[in-house]
Amino acid sequence: MTMASVKAACYANAAIYTPDGVIEGGRLLVDENGRIAAIGGGELSIPADVQVHDASGQLLVPGFIDVHIHGGNGFNVMAGDRENLDGISRFHAKHGTTSFLATTTTAPLERILHALDAASSVVLGDGLGGAELIGIHLEGPYLDVLRRGAQSVDDIRTPSAQEIELILEAARQQIRLVTLAPEVNGGLEAVRQLVGHGITVSAGHSNATYEQVREAVRAGLRHTTHHFNGMSPLHHRVPGLAGAGLTLNELTCELICDGIHVHPAVVKLLFEVKGPSKVCMITDAVTCAGLPDGDYGKVTMHDGQVYLKDGSSLAGSALTMGQALRNVISFTGLTLEQVLPSLTFVPARQIGVSAAKGSIEAGKDADFVLLDAELHVQQTVVRGKTVYRRDADE
C-alpha cells in the first residue's frame, strides 16, 4: 500500500513492551516514514523539532494483527467494495487492531473473485482510515461438508490447480493465508501448490484424521483455523485435527478467545500445551460485531453470541482483539507480556510480515496501541498516524 509521510513524533513516559522486556517510563521515536526510529528509556534524546506526546500511565504495546476478519459494525468483506473494507478497518482500529487480513467466506466463485479483486485493490493502493489491510485470507471454498459450520454447503468446491491459479490471479498475489480441508479430494495437491506460491496454508472446516493432518504437514501445512471449531472434537482414541494441532510443533493454532467458541479451561489448556508462540489469536468477527443484538441476514446475535438462525451452528463472532486480550489473561492467568505475542508477533510471523510488523523494534512500522491500566484501548497508531483516540470518540 502507499502511505503519506507523517510528522515525526515521540511517545514518552509509557511502559513500552519490547521483545527484550518492558521499558518503564520509556520513549519511542517515530520518523517521517511512519517507522520506529528508536526506543529507549528517559535517557533517549528527543530531537528539538519532534512533537512529544505524553503517555504517562499508559502501556505501549505492538498493534494487534488479526488474520481472520469477515466484518464488523455492519460492514462485510464479501460486499466487495472499498466502503465496506474501510468500515471494517475503522471499527477494528478502535479495538487495537493495526493490521488485518480481509477474510472471505464460501460463496459462488464469481462472488469470491469479486471480493478478492476489491480487497487486493486496496492492499496495493491507498490506505484505509483505520487498521491497515495487508492481505487476504481465503477461507473456503475447499472445505469438508461435514465440518462446514456456517459456511454455505451449496458452494463448497473441490480444489483444482487451474481454479487455484485463477483465484490467485484475481487476488493479484495478495492472498497470505488459505483455509482448506486437506483430506478432501485434491486437498494435498492444493497445499503443495499454495505453499509453492509462498502462501501459508491452514487446516480448517476439516474432518481430517490425525494421520491425514500429519501428511498435510509434510506437504507444507503450518496453521489451523479457529482451533477446536470446525473440526472433530478431541477424543483420546481419535485425536483428529484438534489433537494434531496440540501435538505437532509445526502447527500454529488460531484461537477465538470469546469464552463462547472455546471454554476458558480449554483456552488455558491450549496455551499450556502449545505456548503463546504457537497460538494465533483471532476474532473471526462478522458483520454484526459491534452492533446491538438482533437478526442480521442469515444470522442472529444474542448476548454477543452469533448463530445461524436455525441454531445449527455458531456463525463467526462479535469479538474484538481488545476484548480477546483481556479474556485470555483472565482465562489463563498469564501476564500481558506473556500473551502479547499471540496477538502481534505470531500472526505477523504466520503470514510473512514479521520483518516489518508484530513487535516494537527500531526499523519496523510504527504500529502500536496505547492501553490504560485495565487494558482498554486509548489510542491506535498505524504507520505513525493516529487512527483512533478514545478521548476523541467520547
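Observations, loosely collected:
- Protection-proxy order for peptides 157-167, 280-290, 25-35, 321-331, each taking the mean of Cβ atoms within 10 Å per residue, highest first: 280-290, 321-331, 25-35, 157-167
- Residue 238-residue 38 pseudo-label distance in nm [points 7 Å out on the Cα-to-Cβ vector]: 6.2
- Multiplying the residue separation of residue 145 and residue 313 by 0.36 nm and removing their Cα-Cα distance gives an extension gain of 59.2 nm.
- Packing, taken as the mean count of other beta carbons within 10 Å per residue, orders the peptides 179-188, 292-301 from highest to lowest as 179-188, 292-301.
- Reachable lysines from residue 298, criterion Cα separation under 16 angstrom, eight or more residues apart if same chain: 309
- Here the Karplus relation 6.51 cos²θ - 1.76 cosθ + 1.60, evaluated at θ = phi - 60°, turns the backbone of the stretch 107-114 into coupling constants of 7, x, 4, 4, 6, 4, 4, 5 Hz, with x for every Gly and Pro.
- Using 0.36 nm per residue and subtracting the Cα-Cα separation, the extra length available between residue 189 and residue 393 on full extension is 68.6 nm.
- Pairs from 274/357; 278/364; 274/385 whose Cα-Cα separation, in the structure shown, is over 27 Å: 274/385
- DSSP-defined beta bridges in the chain - what % are antiparallel, rounded to 5: 50
- Note on the chain: with a GNM built from Cα contacts shorter than 10 Å, the maximum mean-square fluctuation among 106, 225, 380 falls on 106.
- Efficiency of FRET from Cβ geometry, residue 173 and residue 375, R₀ 41 Å, rounded to 0.05: 0.65
- Helix 82-93 axis, angle to the chain major axis (alpha carbon atoms, nearest 10°): 60
- With the helix formula -39500 (n - 2.57) applied to DSSP H stretches of n ≥ 4, the chain reaches a computed 222 nm mean residue ellipticity of -7500 deg cm²/dmol.
- Sorted ascending by nearby beta carbons within 10 Å, beginning with the fewest, 381, 262, 145, 22 become 145, 22, 262, 381.
- In the chain, the longest principal axis of the Cα atoms and the axis of helix 210-219 are about 60 degrees apart.
- If the chain linking residue 263 and residue 45 were pulled fully straight, counting 0.36 nm for each residue of separation and taking away their Cα-Cα distance, it would gain 73.7 nm.
Since every read-out is calculated from the coordinates, none of them should be taken as a lab result. Note that this is a predicted model, so its numbers are computed, not measured. Ideal geometry is used to build each Cβ from the backbone, glycine not excepted, and the neighbour counts take in all protein chains shown.
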